[in-house]
Amino acid sequence: MHKHISVQTKCFDAAEEERRLRQGNPRIGAVVSFLGLMRDINEEDQVSAMTLEHYPGMTEKALAAIVEEAQTRWELEGIRVIHRVGELLPEDPIVLVMVASRHRGEAFRACEFIIDYLKTRAPFWKKETTADGERWVEARYSDKDAEAKW
C-alpha cells in the first residue's frame, strides 16, 4: 500500500496529489478526498490570517498512527495526508486527506475517520488574526463528538 504523510509550509496541488496516489495501481476503484480550506470567518468574527504551529516529529508520528489505524480497519490501496503549517490566508488549502481503495465504501469511511482523528489527535495549534488582534483557537466540542463515533 502506498502512503504519504507530509507536514509542510508550501502549498500543494490536490489534482497532482491524486495523480501520485493512483499512479501505477490499477486495483484502485475509488479515491475519496477531503480538502480543508482556510475560512475568512470563525463564529461571527472576520479572520484575515491564521498561523498554524506544530511540534515537529511528534506531529508526524501522530499522523502516522492515525494512518496505521485506518489501515487496520479498512482494506486500502493508498493514503495521502498533507497538512500545512505557517501563515495561511483565506481560501488557502490547509489539509488534504486522500484515500484509495478497491471500493468506495471503504474509501469514504477511512477518509472521514482520518480527518476526524486528525482534528483531535494531531498536535496542531491555530492562532487567528482578527480586527481585535490575535487569538489562539480552542478545540471544538463537535470535533470530539466526531472522533467519539469511531
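Key figures for this structure:
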read-out	value
Principal axis box of segment 1-82, alpha-carbon based, largest edge first, Å	46, 27, 23
Nearest-20 debye value, the chain charge dipole, Cβ charges on Lys, Arg, Asp, Glu	820
Accessible area (Å², per residue) of the chain, counting only protein heavy atoms and a probe of 1.4 Å	58
Spin-label proximity, Arg102 to segment 1-23 - amide N less than 16 Å from point 7 Å beyond Cα toward beta carbon	1-2
Whole-percent carbon and sulfur share, accessible surface of segment 27-68, 1.4 Å	54
DSSP bridge pairs, segment 1-114: antiparallel proportion in percent, nearest 5	75
In segment 43-150, trypsin sites (Lys or Arg not before Pro) in a DSSP loop with at most 16 other beta-carbon atoms within 10 Å	Arg102, Arg140, Lys149
Extension gain (nm, one decimal) between Glu18 and Leu37, 0.36 nm per residue minus Cα-Cα	5.1 nm
Extended-chain gain in nm, criterion 0.36 nm per residue less alpha-carbon gap, Arg27 and Trp136	34.9 nm
Scattering profile of segment 42-114 at q = 0.23, 0.28 Å⁻¹ [log10 I(q)/I(0), Debye over alpha-carbon scatterers]	-0.99, -1.20
Greater than 24 Å apart at Cα, pairs in Lys10/Lys126; Lys61/Lys144; Lys10/Lys127; Lys3/Lys126	Lys3/Lys126
Label corresponding to Cα Rg over 2.2 N^0.38 Å when calculated from the structure given, among (1) 0.98; (2) 1.19; (3) 1.07	(3)
Distance between modelled label sites at Trp150 and Thr120, nm, 7 Å Cα→Cβ extension	0.9
Loop-located GluC sites (Glu not before Pro) in segment 88-135, at most 16 other Cβ atoms within 10 Å (DSSP)	Glu91
Rg/Rh for segment 66-150, where both radii come from Cα atoms and Rh is the Kirkwood radius	1.04
Inter-site label distance for Gln46 and Ala64 at 7 Å from Cα along Cβ, in nm	4.4
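The values are calculated or read from the model by the stated rules, or taken from the named source; none is laboratory data. Remember, predicted model here, so these are calculated numbers, not experimental data. Here the Cβ is made from the backbone with ideal geometry for all residues, glycine too, and neighbour counts use every protein chain on show. Calculation scope for accessible area: heavy atoms of the full protein, side chains included, ligands and nucleic acids excluded. Shrake-Rupley method; radii C 1.70, N 1.55, O 1.52, S 1.80 Å.
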